[in-house]
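Nothing in this text is a laboratory measurement; each read-out follows from the coordinates by a stated rule. Just so we're clear, the structure is a prediction, and the values are computed from it rather than from any experiment. As a convention, Cβ positions derive from the backbone with ideal geometry for all residues, glycine included, and neighbour counts pool all protein chains shown.
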2 protein chains.
Amino acid sequence: MISTQQIKLIRALHQKKYRDKYDLFIAEGFKLVNEALSSVPSLIKFLAFTSQTQDQINIHKVHKNTSLLEVTEKEFNKFTLQTTPQGILAVLKKPLTPLPEPLEIKDISLVLDKIQDPGNFGTIIRLADWFGMNQIFCSMNTVDCYNAKVVQASMGAIFRVNIHYIELKEFLNEIKQNKTHHIYGTSLNGSNLFTTNLQKPALIILGNESGGMDDNLIDVSEKNLLIPNYSNYKDKSESLNVSMAAAIICAELRRQTS
Amino acid sequence: MISTQQIKLIRALHQKKYRDKYDLFIAEGFKLVNEALSSVPSLIKFLAFTSQTQDQINIHKVHKNTSLLEVTEKEFNKFTLQTTPQGILAVLKKPLTPLPEPLEIKDISLVLDKIQDPGNFGTIIRLADWFGMNQIFCSMNTVDCYNAKVVQASMGAIFRVNIHYIELKEFLNEIKQNKTHHIYGTSLNGSNLFTTNLQKPALIILGNESGGMDDNLIDVSEKNLLIPNYSNYKDKSESLNVSMAAAIICAELRRQTS
């Protein structure tokens, strides 16, 4: 029931250039497929599944335009990205999320500058969903949000958060000029997060894993925040991972402004 | 310069039973080896490295009892656990961290109930180091802290945090009776973290990734905390990952009590 063409297509979607070309991406495994069925059923182009998993698909949620493709385990193994495949995979259209015109930004949104690790990005999307920050603005050189590992780590939150790739510098300068949002950055020379008065509407900029925020952006941000280090070995303790830092800053911003 | 015996030993240490038998574990890559040299040089039994990496070892920090073993790339590939090996690996004695007698617990410590994912555990160790919580008490069925992925994810913090595997229920009951520490748990039915008055000295209990804290422990804890959900899709948004939750709770406890 699955064609060689379709198998080729799924395999091609492991690469960004084909995700861009076809405007499609993959969500694999029960958790993600169920999230997709529940949040964005009309975006699912087709579902590929083995006979063992068929019973576990919520057939009532399947959109009329979604093709259902039963495959053998052998066929499934030709395109799965997982080491212990669950036998179910969805191919989805990328959601259309053009920048709203005129620009309308929710009360708190995240800005990612060159985040490279798919696991970090996915975790940040999950955090954004939890903290009701349903827009993420990314620099053009941030890792592709439709990378299978990002989708996986987001645990389905990617279906509920709008992600825009834009020229950050320009975008932030405009916001700064119009004074519509407070802009908070993160920096090792910043002000103590816990004693800084935070206000919304706000944008939080999170920087690259190793290099931090671009210097350009540090200048644009109104205040750069620092999570204080309580370590007994201050000279040795690693800086916090960017997704840890994101969790702590998002929580503190919500705490102070709710 | 490396014997077949030593290669076999390193490979054996990928498994918990041999780590327990020999009381040894592995730290691989520049970052971890340098952390080990800087924090626990006397625990390093031997360093295996390829000729290309030799110059990058801080020879002044090598302890007199550490054997230096130059290996070929081919030999290194026989025991590395990494897909892109850096050509440097340390075999270390497990630090001796018996429970202090009489029991002495630092002002804030973490308690892990059946954490299973090595990445989560390593991240929590890194957080503990950052927030100056240098003791972690784990249930016997928590994943082995000397698992290579835990060591890796800790980014070296494992050399600065004391980790004890104990019978949690008994341990916590004793603390509860003696009233030496506040005991905070985490629960989806708990009190709002941001509006609960937190005090130290304290223990924070973090529960298993899917099942949360054991019911037994929920009863022992003085207050169970909940990170409020601000999602626009509350019925759908995933609970936060345990290491995200740990980051937010540790930060809030430090914020309130500093």
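Quick check on B:THR97: is it polar (S, T, N, Q), under 22 Å from B:ALA246 (Cβ atoms) and exposed (fewer than 14 other Cβ atoms within 10 Å of the Cβ)?
Taking the combined requirement at face value, the residue satisfies it.
Looking only at region A:227-251, which residues are within 7 Å of chain B (Cβ to nearest Cβ) and assigned to a helix (DSSP H, G or I)?
Hits for region A:227-251 are A:MET244, A:ALA247, A:ILE248, A:ALA251.
Looking at B:ILE163, B:ILE158, B:ILE183, B:ILE205, can you tell me which residue is of a type in the set (A, V, I, L, M) and part of a helix (DSSP H, G or I)?
Going through B:ILE163, B:ILE158, B:ILE183, B:ILE205 in turn, the sole match is B:ILE158.
Output yes when any residue across region A:51-68 is within 14 Å of chain B (Cβ to nearest Cβ) and part of a helix (DSSP H, G or I), and no when none is.
Yes; the residues of region A:51-68 include at least one that is within 14 Å of chain B (Cβ to nearest Cβ) and part of a helix (DSSP H, G or I).
Collect the residues in region B:106-119 that are crowded, with 24+ Cβ neighbours inside 10 Å and either touching a Phe, Trp or Tyr at 6+ places or on another chain (Cβ under 7 Å) or not in a loop (DSSP other than H, G, I, E, B) (or both), keeping them in residue-number order.
Once the filter is applied, which keeps residues that are crowded, with 24+ Cβ neighbours inside 10 Å and either touching a Phe, Trp or Tyr at 6+ places or on another chain (Cβ under 7 Å) or not in a loop (DSSP other than H, G, I, E, B) (or both), region B:106-119 yields B:ILE108, B:LEU110, B:VAL111, B:LEU112, B:ILE115.
Which one is surrounded by the fewest Cβ atoms within 10 Å (Cβ to Cβ), of the residues in region A:211-247 that are out of contact with any strand residue (DSSP E or B) (no Cβ under 6 Å at 6 or more places or on another chain) and of a type in the set (D, E, K, R)?
A:ASP235
Does B:ASN162 fit the bill of being within 14 Å of chain A (Cβ to nearest Cβ), surrounded by fewer than 20 Cβ atoms within 10 Å (Cβ to Cβ) and not basic (Lys, Arg)?
For B:ASN162, the condition - within 14 Å of chain A (Cβ to nearest Cβ), surrounded by fewer than 20 Cβ atoms within 10 Å (Cβ to Cβ) and not basic (Lys, Arg) - is met.
Any residue that is out of contact with any helix residue (DSSP H, G or I) (no Cβ under 9 Å at 6 or more places or on another chain), away from chain B (no Cβ under 14 Å) and within 28 Å of B:ALA153 (Cα to Cα) - is there at least one of those in region A:144-154?
So far as region A:144-154 goes, no, none of its residues is out of contact with any helix residue (DSSP H, G or I) (no Cβ under 9 Å at 6 or more places or on another chain), away from chain B (no Cβ under 14 Å) and within 28 Å of B:ALA153 (Cα to Cα).
Could you tell me whether region A:188-210 includes any residue that is without any contact (Cβ under 8 Å) to a residue 24 or more places away in the chain and either away from chain B (no Cβ under 12 Å) or surrounded by 16 or more Cβ atoms within 10 Å (Cβ to Cβ) (or both)?
no
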